Amino acid sequence: MNQTTPNSFRTMPDERGHFGDYGGRYVAETLMPLVLDLEREYRAAQADPAFQAQFDDLLEHYVGRPSPLYFAERLTEALRVGSPEGRGAQVWFKRDELNHTGAHKINNCIGQILLAMRMGKTRIIAETGAGQHGVATATVCARFGLPCVIYMGATDVARQQPNVFRMKLLGAEVIPVTSGAATLKDAMNEGLRDWVANVHDTFYIIGTAAGPHPYPELVRDFQSVIGKEARAQMLARIGRLPDLLVAAIGGGSNALGLFHPFLDDPEVKMLGVEAAGYGLDGDQHAASLLGGFPGVLHGNRTYLLQNEDGQITEGHSISAGLDYPGIGPEHAWLKDMGRVEYTAITDQEALDAFQLLCRTEGIIPALEPSHAIAAVAKRAKEMDRDRIILANLCGRGDKDIFTVAEHLGVQM
Amino acid sequence: MGTRAMTRLSSSFAKGRPTFVAFITAGDGDTAANLDALVEGGADVIELGMPFTDPMADGPAIQAANLRSLGAGTTTADVFAIAAAFRQRHPQVPLVLMGYANPMVRRGPEWFAAECARAGVDGVICVDIPPEEDDALGPALRAEGIAPIRLATPTTDARRLPKVLEGSSGFLYYVSVAGITGLQQAATASIAEAVARLKAATDLPVAVGFGVRTPEQAAAIAAHADGVVVGSALVELVGKHGSHAPAHLRELTAALAQAVHGAHQPA
Ligand SMILES: Cc1ncc(COP(=O)(O)O)c(C=O)c1O
């Protein structure tokens with residue numbers, strides 16, 4: 001767009017929670033005082049070394065950080081086969097799938113539950129799609145002894161049974177949401193309805209870098225541990241920064257977590273990967289940036305899948321974690337500024353990449369980062385061999401083996 | 001600026017007795033016939049819901065009405081056509097649109113405000129545009145003389161109230177419970193206290209809604225407020241009776257309006 005390039009891409013949001021034209025606090029008046037309280041408390045926590053120390057300690061000893069930085073040698077070799085002469089960049093992974101609970105989601109949940117306790121809240125709610133954020137939330141609630149209610153679309157409850165059972169084992173109450181299309185956005189609506197009715201004691205742990213300010217900022221900050229570690233690890237291992245960062249995008253939290261610490265390194269390019277579902281030409285995809293328009297939903301102004309009347313449309317992705325009609329507002333801004341490039345990967349391409357990683361590296365990835373891996377495979381072939389791609393392997397695939405088996409025609 | 005619209009709203013709150021505000025969702029059933037039934041039953045102000053796929057602040061009854069309406073193919077153009085036709089049939093009855101930000105700003109706030117003006121809409125209540133985001137719609141509405149009607153809630157404390165009042169007009173909508181539409185009901189004593197607090201801070205009339213269902217509740221609230229809003233109980237009748245809804249709506253509206261109009265106001 002026609003904005004001028006800022007001196008830094010890392011100073012957003014402004015004091016009103018806006019990322020350029022995006023973000024903000026589009027919530028009902030009942031929630032507004034609470035959202036302001038949260039912002040005050042977050043500022044206090046940021047200035048409190050004890051808060052940061054407790055966060056770091058839990059990430060190290062409970063989550064298992066730092067996560068490894070891994071050179072995927074056999075994947076790199078496999079992608080060089082059939083590449084033009086001299087092409088085939090080196091592929092590295094940030095291994096956040098090795099975190100406790102199997103994805104990056106827990107980084108954010110640790111931060112938010114510490115904030116909830118600082119605010120004296122005694123009950124936690126969250127929405128979940130694939131169940132990864134629900135499991136991570138249920139986990140931190142068990143760890144700190146707080147009651148936990150998870151809203152999950154009835155459709156997702158049916159297709160993510162193992163995670164539903166995990167949440168229950170962890171002591172959470174899982175409430176299937178039947179309103180609307182019974183998927184992630186409806187779970188988020190129901191979470192917001194619970195929150196307005198229980199503002200006095202309840203903290204809403206939002207699972208991605210979206211929602212009313214300050215959520216997009218604080219989720220990004222908690223997830224930025226990914227990029228901070230990766231940056232230091234790269235410098236320590238090879239003495240330079242990567243040429244290209246790649247991450248899958250649902251709401252955008254793992255991508256921002258990786259990208260944000262590199263935003264002011266102009267030599268580092270970035271690629272966000274949306275879910276193209278059955279293809280961007282139809283309406284069965286979940287690519288809000290590439291196939292949507294700016295609008296207002298769930299507390300923020302951002303790109304949304306919607307019709308000409310502003311009614312939200314249902315996307316589709318093989319990956320329940322990417323199947324959301326919106327996107328975090330910072331990505332909307334980064335797209336308009338041209339700092340990050342966005343692309344999309346179909347269900348089939350993600351399935352192929354899923355299997356490729358299993359066989360070349362002995363790593364079963366989640367379907368979400370399989371989208372990133374598919375994009376890496378395309379880009380690596382176009383880049384010289386001395387170039388370095390770093391992708392966020394943000395989740396492991398245990399939760400997805402049933403879905404994948406079904407698509408491969410395997411009976412389990 | 002916008003004198004006609006402002007006049008319709010303010011005169012309906014200046015009848016020397018409390019005002020009854022009736023809500024239904026546009027495009028749910030035969031909306032024209034249903035709206036006429038509300039007016040015949042004695043509603044002073046009509047609040048017309050704009051259907052939205054994701055009505056976050058609404059309970060089951062109004063959620064279902066939104067889905068019925070959208071399922072029947074209701075568009076934004078249909079909502080304005082319903083409003084414009086109502087304005088033709090009822091030149092004096094104030095009509096307020098209530099809904100969510102996204103359908104309102106989709107084609108730009110100026111477009112929306114101009115359509116409101118053309119359709120004879122008097123005010124707009126947008127659930128998810130708080131005063132902090134007023135720029136998204138407020139200036140466009142004010143430029144067309146449409147009243148931006150704000151919500152105050154039990155969580156709106158004294159520190160915040162001036163911000164809510166600044167730039168709002170028509171009336172102030174007090175949401176009587178921290179929660180969604182249709183379910184819980186607040187104690188009358190707490191409502192009376194809250195309304196007194198609001199009235200001390202503004203000259204705008206204060207109407208109370210969320211969780212009001214029966215003539216008894218409405219009368220109890222009307223004893224302390226300038227207006228009472230009922231939505232879910234009416235919308236449920238539309239859902240239950242379909243094309244036979246008007247007779248039922250007329251009956252309930254009459255009972256509610258009578259209770260509100262006759263409520264004893266302390267001097
Ligand atoms: C493993 C994994 N990756 C990615 C996502 C998408 O979320 P985000 O874009 O916020 O990282 C999810 C969401 O459930 C997930 O489970």
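Under the criterion of Cα pairs below 8 Å and six or more residues apart, the relative contact order for chain B equals 25 percent. Each label was represented as a point 7 Å from its Cα along the Cα-to-Cβ direction; for B:Ser190 and B:Lys15 these points are 3.0 nm apart. For segment B:2-261, a Kirkwood radius taken over Cα pairs fed into Stokes-Einstein (37 °C, viscosity 0.692 mPa s) yields D = 184 µm²/s. Only Cα pairs under 8 Å and 6+ residues apart enter the sum, and on that basis the relative contact order of chain A stands at 21 percent.
Stokes-Einstein, applied to the Kirkwood radius of segment A:1-128 over Cα pairs at a viscosity of 1.306 mPa s and 10 °C, places its translational diffusion at 84 µm² s⁻¹.
Ignoring everything except DSSP H segments at least 4 long, calculate the 222 nm mean residue ellipticity for the protein assembly as shown; use -39,500 (n - 2.57) per segment, divide by total residues, nearest 500.
That calculation yields -12500 deg cm²/dmol at 222 nm.
Based on the Kirkwood radius over alpha-carbon pairs, what value in µm²/s does the Stokes-Einstein equation return for the translational diffusion coefficient of segment A:293-412 at 37 °C and 0.692 mPa s? D = 203 µm²/s.
Cα extents for chain A along the principal axes, largest to smallest and rounded to whole angstrom: 63, 53, 48.
Bridging of B:Lys240 to aspartates and glutamates at a Cα separation below 17 Å is possible for B:Asp28, B:Asp30, B:Glu251, once same-chain residues fewer than 8 apart are set aside. Over 11 Å, how big is the tail of the calculated P(r) for segment B:21-70, in percent of all Cα pairs? Tail of the P(r) past 11 Å holds 66 percent of the pairs. The rule of thumb for compact globular proteins, 2.2 N^0.38 Å, goes into the C-alpha radius of gyration of segment B:1-98 1.10 times. Mean-square fluctuations from a GNM of chain A, with a 10 angstrom spring cutoff on Cα atoms, peak among A:Phe262, A:Phe402, A:Phe93 at A:Phe402.
Treating each Cα of segment B:67-158 as an identical point scatterer and summing with the Debye formula, the log10 of I(q)/I(0) at q = 0.15, 0.17, 0.23 Å⁻¹ comes to -0.60, -0.75, -1.20. Within the same chain, aspartates and glutamates fewer than 8 places from A:Lys381 are excluded, and of the rest, those with a Cα less than 12 Å from its Cα are A:Glu77, A:Glu85. Sorting A:His298, B:His244, A:His316, A:His61 by the number of Cβ atoms found within 10 Å of their own Cβ, with the fewest placed first, yields A:His61, B:His244, A:His316, A:His298. Unpaired cysteine residues in the protein assembly as shown (no second Cys Cβ under 4.7 Å): A:Cys109, A:Cys358, A:Cys394, B:Cys116, B:Cys126. Each of A:Ala380, A:Gly272, A:Ala405 was scored by the projection of its Cα onto the charge dipole of segment A:256-412, and the greatest displacement toward the positive side belongs to A:Ala380; charges sit on the C-beta of Lys, Arg, Asp and Glu. For segment B:70-206, the relative contact order is 18 percent, taking Cα pairs closer than 8 Å that sit 6 or more residues apart in sequence and dividing their mean separation by the residue count. Kirkwood radius for segment B:169-267, taken over all pairs of different Cα atoms as the inverse mean of 1/r, rounds to 14.0 Å.
Every read-out reported here was derived from the displayed coordinates using simple, explicitly stated rules and does not represent laboratory data. Values in this document were obtained by computation on a predicted structure and should not be read as measured data. All Cβ positions, glycine included, derive from the backbone under ideal geometry; neighbour counts span all protein chains shown.
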